[in-house]
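Below is one structure, written out as structure tokens; comments come after it.
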Amino acid sequence: MTKKEFVKSEREFTIDLLKKLKPEQWSANTLCRGWTVEDLAAHLVTRERNVIGGVGLVVPSLQQLHDKRLAKVATHGHEYIIEKLQNYPWYMPASVNVAEFWIHNEDLIRGELHMSRSAPTKQVNVILWGSLKGLVAVRKSLLKDLGNVTLENIDTNESIELKFEDNRKTTTVTGSAGELLLFFYGRRDAAKVKLSR
């Protein structure tokens, strides 16, 4: 399975899930603090369709731009959101959507919708692990509060080590690639991992 095929399958999962929801289920809370299903779905459209709104995700001072555009997308209704998600923008490389769609699909099903799906295959775990390694290289500060961190992949016996200067604390986080990815991106309570300090 390629990254492109993985993103396509995750995107299809999102779309199929949204199509099956009752109107009231769009108001269910997700693992994204403060976001409902509708908010999260509108966010997926916003980050792909609006350059300024997308920039607001990574530049804290521009967060309001993202939020305003998210709210505007939501006003168009659920069918509009689904329609936009069905049309994959040609300019979006698969690599930037691997973690995005995996994490947000888990946000949806592990939130108040209380749904589940099959465990990731070995191929999927390889893709998720590769994505995690790339993200850790540029955003390792997300785990700084844990001290020096070792992320251990139980499926491959590989690990990623994060070192922070002047930090004597050490934490080992053990789990499958997908769960480690969720933990890394702030879903610490929901991620099925083991912590050793």
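The values are calculated or read from the model by the stated rules, or taken from the named source; none is laboratory data. This structure is a prediction, so every number in the text was calculated from the model and none was measured. Positions of Cβ are backbone-derived with ideal geometry, glycine not excepted, and every protein chain shown enters the neighbour counts.
Summary table
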read-out: Residue within the stretch 162-174 that is in contact (Cβ under 8 Å) with a residue 60 or more places away in the chain and either in a helix (DSSP H, G or I) or within 15 Å of residue 129 (Cα to Cα) (or both) present; value: no
read-out: Test: residue in the stretch 53-71 that is modelled with pLDDT of 95 or more and part of a helix (DSSP H, G or I); value: no
read-out: Close pairs from the stretch 62-76: first crowded, with 18+ Cβ neighbours inside 10 Å, partner of a type in the set (Phe, Trp, Tyr), Cβ under 8 Å, at least 6 apart; value: 73/80
